Amino acid sequence: MFDPLIYSNRRSELSQSLKDGFILLCGNNEVPMNYQSNSYPFVQDSSFLYYCGLDSPNLNLLINTYENTATLYGTSQSIDDVIWCGQSNTLNELAGLAHIDQISKNNNIIEDVNRILSKGEKFHILPQYRSDNKQILFEIFGKDKWQNYISMDLIRSVIAQRSIKSELEVGEIKDAMVVTKSMHEMAMMNTNPGKIEQEIVGELMSLVHSTGMRLAYPSIFTVRGEILHNQFYEGILQDGQLLLHDGGVESREHYATDITRTYPVTGRFSSKQKSIYEIVLKMQEDVIQSLSPEVKYQDMHLLASRICIEGLKSMGIMKGNTEDAIDAGAHALFFPHGLGHMLGLDVHDMEALGEDNVGYDSEIMRDSQFGLSYLRLGKALQCGNVLTVEPGIYFIPALIDQWEQNGNHKEFVNYSSLKSFRDFGGIRIEDDVLITDDGCDCLSYDIPKIISEIEQIM
C-alpha cells in the first residue's frame with residue numbers, strides 16, 4: 001500500500017469534487033470456481049482500491065462528503081477462518097492502514113444507509129459489474145431502485161481523478177514494466193519451430209509469478225494473430241509463421257502494463273513480413289511522436305489509418321485517394337480495432353464505469369464507422385494520462401471474403417492481391433506512454449521492436 005495519507009487525500013479530493021451527499025464504494029468478494037471454498041484468485045475493485053488501498057475481500061466504504069469522513073464496513077474473522085486461512089488484519093487495523101475514521105460491520109450497512117436516506121440525503125454509487133455486489137445493492141436500496149443511485153457526478157469525478165497518474169502510480173507501472181520487458185524477451189528467445197504455444201506461455205507465467213507480481217490479463221500468445229483476442233494456446237509453431245504476443249504485468253500495487261510484440265517463429269522476417277511490419281511500426285512511431293496534451297486521440301487513430309493506407313498502397317494492396325478511403329472506412333479491413341485505451345489500475349482503465357464515459361466527452365463522440373467504432377479512447381489527452389498505442393494490420397480471411405462478396409470498397413481494395421496474404425496472420429505493435437507537458441514518454445521504449453533488435457535477440 002501507499003502511505004495512508006494518500007488515500008485520505010484522494011477521498012478528500014473526491015468529496016470536494018461532489019460537495020454533497022454520501023458515496024458508497026463496494027469492494028469485491030471472493031468468487032468460487034466450482035464450490036464455495038475453492039475460489040478464483042481475489043481481484044479487488046479498482047475504484048475501491050484507489051480510494052482506500054485495501055486488497056481484502058468483503059469490505060465496503062461509505063464516504064460522507066459533508067464531513068469528509070469515511071466508514072469501513074467489514075466482517076470479523078471467525079475461528080474457522082483463522083484455522084483454514086490464517087490470522088488476518090482486524091477491521092480496525094485495516095482502517096488504520098487507509099486512514100479511515102470509523103469502522104462498522106457489513107450487516108449494519110442497510111440500517112445506516114436507510115437512516116441517511118430517510119433524512120433526504122443524496123446518495124452516489126458507481127455502476128456494478130459483479131452480481132454479488134448488485135445483490136448487496138438490491139438489499140440496501142431495493143431491487144428496482146438501486147440503479148437510480150448510480151451517479152454521473154460520481155462517475156465523472158472518479159474518472160477525472162484517476163485519469164491523472166501521480167509519480168507514485170507511474171513508478172508502479174515502471175516497476176511492472178521491468179518484469180514485462182523480461183517476459184517479452186524470454187518469449188522471443190524461447191520461440192522456435194516445433195514448440196507448442198502453451199509451453200512458452202507456461203514459462204512466462206512462471207517468470208512473472210516468481211517476481212511476486214502477476215499477469216495483468218490472460219496473455220495473447222498465438223500464431224493466429226489475425227484473431228484479435230485469441231487466448232487459446234494449442235498452436236504448434238512452424239517455419240514461416242508470425243507469433244503475436246500481447247502480454248502485460250500487474251505491479252504489487254496492481255498497476256498494469258499492456259505490451260504487444262510480433263515476430264517470426266524462425267527469428268528472421270521474410271521480405272513480405274518486413275514490408276507489413278514496417279508499415280505498422282511507422283503507424284505507431286508517427287503517432288507517438290505526435291502525442292501531447294490537448295491532442296485528440298481520435299485524430300491519432302486517423303493518422304495511423306492514413307499511414308496504413310499509404311503503406312498498403314505502396315504494396316498494391318490498396319488504391320485510390322487516401323482521404324476518400326479514410327472517409328469510407330476502407331482501411332478497417334486491415335485495421336479493424338481502435339488505436340488504444342487508458343491504462344492504470346485496470347488494463348482498460350476505468351471502463352467498468354462506462355467505456356464512453358472514460359474515452360469520450362461532450363466534444364468528441366464515438367464514431368459509428370466500422371473499425372473506428374471500436375476506438376475506446378477518442379477525447380483530448382491530458383498531462384498525466386497513461387495510455388496504449390497499439391496499431392495493427394491483419395489479414396482476416398472471413399472478413400476479406402465477406403467484403404469481397406459484398407463488393408465493399410472495390411475502388412480502394414485490390415482483392416486479387418490478397419490471395420497470397422490469406423495465411424499471413426496479423427501484426428500488432430503496442431507500447432505504453434505517459435503524456436507529459438511537452439509530449440510523451442514511452443514507458444516501454446527498451447522492449448525490442450525494431451526488426452534488427454528482434455532478430456538479434458532471437
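The values are calculated or read from the model by the stated rules, or taken from the named source; none is laboratory data. The structure presented is a predicted model; accordingly, all values stated were derived computationally and were not measured. Please note: Cβ atoms are built from the backbone with ideal geometry, for glycine as well, and neighbour counts cover all protein chains shown.
Which ones in region 128-161 are closer than 30 Å to C383 by Cα, crowded, with 17+ Cβ neighbours inside 10 Å and not aliphatic (A, V, I, L, M)?
Of everything in region 128-161, those that are closer than 30 Å to C383 by Cα, crowded, with 17+ Cβ neighbours inside 10 Å and not aliphatic (A, V, I, L, M) turn out to be Q128, S151, S157.
When residues of region 23-33 are filtered for being in a strand (DSSP E or B) and buried (at least 22 other Cβ atoms within 10 Å of the Cβ), how many remain?
Going through region 23-33 one residue at a time, the tally reaches 4.
Just to verify a result, which residue in region 447-458, among those that are in contact (Cβ under 8 Å) with a residue 24 or more places away in the chain and farther than 19 Å from L387 by Cβ, is nearest to the chain's Cα centre (by Cα)?
Within region 447-458, the match that is nearest to the chain's Cα centre (by Cα) is P448.
Considering only residues that are of a type in the set (D, E, K, R), closer than 21 Å to T222 by Cα and loosely packed, with under 15 Cβ neighbours inside 10 Å, which ones fall in region 405-439?
Within region 405-439, R422, D423 qualify.
So the check is Cβ under 6 Å with 6+ separation or different chains; which pairs have a first residue in region 141-163 that's of a type in the set (V, I, T) and a second one that's outside any helix (DSSP H, G or I)?
From region 141-163, the pairs are I150/I125; I150/P127; I159/M350.
Yes/no matrix, rows are residues, columns are (1) at pLDDT below 95; (2) buried (at least 20 other Cβ atoms within 10 Å of the Cβ); (3) among the aliphatic types (A, V, I, L, M):
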site	(1), (2), (3)
Y51	no, yes, no
L59	no, yes, yes
A70	no, yes, yes
Y73	no, yes, no
S76	yes, no, no
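What is the residue count in region 371-399 for residues that are assigned to a loop (DSSP other than H, G, I, E, B) and aliphatic (A, V, I, L, M)?
Number satisfying all stated conditions: 4.
In region 365-393, which residues are buried (at least 17 other Cβ atoms within 10 Å of the Cβ), among the hydrophobic types (A, V, I, L, M, F, W, C) and in contact with a helix residue (DSSP H, G or I) (Cβ under 7 Å, 6 or more places away or on another chain)?
L372, L375, L377, L381, V386, V389, I393, listed by residue number.
Do any residues in region 425-446 that are closer than 17 Å to E278 by Cα and in contact (Cβ under 8 Å) with a residue 40 or more places away in the chain have Cβ atoms under 6 Å from those of residues that are aromatic (F, W, Y) and assigned to a strand (DSSP E or B), where the two are at least six apart or on different chains, and which pairs are they?
Listed pairs, sorted by first residue: G426/Y394.
What tally of residues in region 162-188 results from selecting those that are surrounded by fewer than 17 Cβ atoms within 10 Å (Cβ to Cβ) and β-branched (V, I, T)?
Within region 162-188, residues that are surrounded by fewer than 17 Cβ atoms within 10 Å (Cβ to Cβ) and β-branched (V, I, T) number 2.
What number of residues within region 189-213 satisfy the criterion of being in contact (Cβ under 8 Å) with a residue 40 or more places away in the chain, in contact with a helix residue (DSSP H, G or I) (Cβ under 8 Å, 6 or more places away or on another chain) and surrounded by fewer than 18 Cβ atoms within 10 Å (Cβ to Cβ)?
Within region 189-213, residues that are in contact (Cβ under 8 Å) with a residue 40 or more places away in the chain, in contact with a helix residue (DSSP H, G or I) (Cβ under 8 Å, 6 or more places away or on another chain) and surrounded by fewer than 18 Cβ atoms within 10 Å (Cβ to Cβ) number 1.
Restricting to region 78-102, name every residue that is part of a helix (DSSP H, G or I), modelled with pLDDT under 90 and not aromatic (F, W, Y).
I79, D80, D81, V82, I83, C85
With the requirement that a residue be closer than 17 Å to F48 by Cα and either in a helix (DSSP H, G or I) or in contact with a Lys or Arg (Cβ under 6 Å, 6 or more places away or on another chain) (or both), what does region 115-148 give you?
Q128, S131, D132, N133, K134, I136, L137
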